[in-house]
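The values are calculated or read from the model by the stated rules, or taken from the named source; none is laboratory data. Treat the numbers as computed from the prediction; the structure is a model and nothing was measured. Here the Cβ positions follow ideal geometry from the backbone for every residue, glycine too, while neighbour counts run over all protein chains shown. For accessibility, only protein heavy atoms count, side chains too; no ligands or nucleic acids. Shrake-Rupley method; radii C 1.70, N 1.55, O 1.52, S 1.80 Å.
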Amino acid sequence: MSRVYNFSAGPAMLPEAVLQRAQAELTDWHGAGGSIMEMSHRGKEFVSVHAEAERDVRDLLGVPETYKVLFLQGGATGQFAAIPMNLLRGKNKADYILTGSWGKKAIGEAKKYCEVNVAASSEGEKFTTIPLFDHWTLNADAAYVHYTPNETIEGVEFHWIPETGEVPLVGDMSSTILSRPVDVSRFGLIYAGAQKNIGPAGVTLVIVREDLIGNVLLMTPGVWDYAQQAKADSMLNTPPTYNLYIAGLVFKWVKEQGGLSVMAERNERKAKKLYAAIDGSGLYRNPVDPSCRSWMNVPFVLADPELDGEFLAGAAQAGLTTLQGHRSVGGMRASIYNAMPESGVDALIDYMAEFEKRKA
Ligand SMILES: *Cc1c(COP(=O)(O)O)cnc(C)c1O
């Protein structure tokens, strides 16, 4: 059986070269006589894997020296709680920008810890757009402003960074991290679960400005305390060593491809062709405002939902899998992260055209 083009939103495809390297090193890592997953997280082998992963993240994203890079657990969902615990710093209010389902979950969790001001929302537009920045009601007294640069379910992405002045900006980059260059210095904190664009599920990347940490809510568990984790090199408890090793291989792969500007070029090209195919067809439709369509997650519906099942079955037969949209929105969704080759997008476009012709 050959590998399929897997359009899953997450856990998502990994680069084949990374999987092959992991396979080659599985039982004997670099001549050490054992698998990296069998080694102590305190031993020199894993410590070097961890240090290289951090160095590569810093190189790729140009992370300034004044930021900590943490590899934590608990996913982005864990961060929905950890962020207020760490960043309220004696304040009791935070601003949230609501542009989709993940932002909504972040808000639900934050409400346990503070007063949440929803400073802008596109819920009335069914999350198909981003409210104009001029209309945001930001609070100068907020501890931070949280937003979701890419809403994975609705396929809505910011192609700009909000300017929040003195108030630290927090971005949930789970489904867009490493897809293009980003100016980290504009943020107080960036976080991302690994399973979309970084590696296997189980690692959560947190990049946080040093001066914001060390003033947590009293009941904050140690593993959620950024200052404690930074001091312990993210090893306050045993880290998910194998997952981090794979993430490290992905960082090296991205570097070998030419880094984030090359990723951006590829990702933009992949997305543009797919949207052009959708817009140019009579059968498929994407409801998102063209100015904020995601490069990473492309939802689309068929004019007749009765055809969904047949569309999906035919796609699977053509080696194009996991195209079903999220249960909350229905239709289809093609997630086309860094590891989805352009040939996969081309194959999907060909299949869509062929299916439409067959149904005309
Ligand atoms: C997938 C996703 C999450 C949830 O990630 P978990 O690691 O499952 O907690 C949160 N936010 C965004 C934007 C996502 O895409």
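For the range 157-175, enumerate the residues that are part of a loop (DSSP other than H, G, I, E, B), open to solvent by less than 20 Å² (accessible area, probe 1.4 Å), within 25 Å of V301 (Cβ to Cβ) and more than 8 Å from the ligand (Cβ to nearest atom).
F158
Of the residues that sit in the range 295-330 and are more than 19 Å from K272 (Cα to Cα) and among the polar types (S, T, N, Q), which one is farthest from the chain's Cα centre (by Cα)?
Applying the filter and picking the extreme gives Q317.
Which members of the range 59-73 meet the condition of being within 16 Å of the ligand (Cβ to nearest atom) and open to solvent by less than 50 Å² (accessible area, probe 1.4 Å)?
Hits for the range 59-73 are L70, F71, L72.
Which of (1) assigned to a loop (DSSP other than H, G, I, E, B); (2) within 16 Å of the ligand (Cβ to nearest atom); (3) closer than 16 Å to A81 by Cα is the odd one out, the single condition P200 does not satisfy?
Evaluating P200 over (1) assigned to a loop (DSSP other than H, G, I, E, B); (2) within 16 Å of the ligand (Cβ to nearest atom); (3) closer than 16 Å to A81 by Cα leaves (3) as the failure.
Could you tell me which residue of the range 176-196 is farthest from the chain's Cα centre (by Cα), considering only residues that are more than 10 Å from the ligand (Cβ to nearest atom) and among the basic types (K, R)?
Checking each candidate, the answer is R186.
So, L178, is that one touching a helix residue (DSSP H, G or I) at 6+ places or on another chain (Cβ under 8 Å), assigned to a loop (DSSP other than H, G, I, E, B), under 30 Å from M235 (Cα atoms) and not acidic (D, E) or not?
For L178, the condition - touching a helix residue (DSSP H, G or I) at 6+ places or on another chain (Cβ under 8 Å), assigned to a loop (DSSP other than H, G, I, E, B), under 30 Å from M235 (Cα atoms) and not acidic (D, E) - is met.
Kindly indicate the residue of the range 30-42 that is surrounded by 12 or more Cβ atoms within 10 Å (Cβ to Cβ) and either touching a Phe, Trp or Tyr at 6+ places or on another chain (Cβ under 7 Å) or without any contact (Cβ under 8 Å) to a residue 24 or more places away in the chain (or both) and also farthest from G199 (Cα to Cα) among those meeting that condition.
A32
Test A347 against the criterion of being within 25 Å of the chain's Cα centre (by Cα), open to solvent by less than 20 Å² (accessible area, probe 1.4 Å), closer than 29 Å to L249 by Cβ and not hydroxyl-bearing (S, T, Y), and give yes or no.
Considered against the rule, which asks whether it is within 25 Å of the chain's Cα centre (by Cα), open to solvent by less than 20 Å² (accessible area, probe 1.4 Å), closer than 29 Å to L249 by Cβ and not hydroxyl-bearing (S, T, Y), A347 comes out as no.
Could you give me the residue pairs with C-beta distances under 6 Å whose first residue belongs to the range 101-112 and is at pLDDT 95 or above and within 12 Å of the ligand (Cβ to nearest atom), whose second residue is in a helix (DSSP H, G or I) and among the small types (G, A, S) wherever it lies, and which are 6+ apart or on separate chains?
Every condition considered, the pairs that remain are E109/A81.
Being within 18 Å of G325 (Cβ to Cβ), crowded, with 23+ Cβ neighbours inside 10 Å, among the hydrophobic types (A, V, I, L, M, F, W, C) and in contact (Cβ under 8 Å) with a residue 24 or more places away in the chain, is that true of even one residue in the range 132-149?
no
Test E154 against the criterion of being within 12 Å of the ligand (Cβ to nearest atom) and either charged (D, E, K, R) or assigned to a helix (DSSP H, G or I) (or both), and give yes or no. Lay out the reasoning, then the answer.
Details: within 12 Å of the ligand (Cβ to nearest atom): yes; either charged (D, E, K, R) or assigned to a helix (DSSP H, G or I) (or both): yes.
So E154 fits the description; yes.
The conditions are (1) in contact with a helix residue (DSSP H, G or I) (Cβ under 7 Å, 6 or more places away or on another chain); (2) surrounded by fewer than 24 Cβ atoms within 10 Å (Cβ to Cβ), and G193 fails exactly one of them. Which is it?
Single failed check for G193: (2).
Can you name the number of the only condition in (1) touching a helix residue (DSSP H, G or I) at 6+ places or on another chain (Cβ under 6 Å); (2) open to solvent by less than 60 Å² (accessible area, probe 1.4 Å) that C292 fails?
Looking at each condition in turn, C292 falls short on (1).
Step by step: first the residues of the range 203-227, then only those that are within 16 Å of the ligand (Cβ to nearest atom) and assigned to a helix (DSSP H, G or I), then the one that is surrounded by the fewest Cβ atoms within 10 Å (Cβ to Cβ). Which residue is that?
V223
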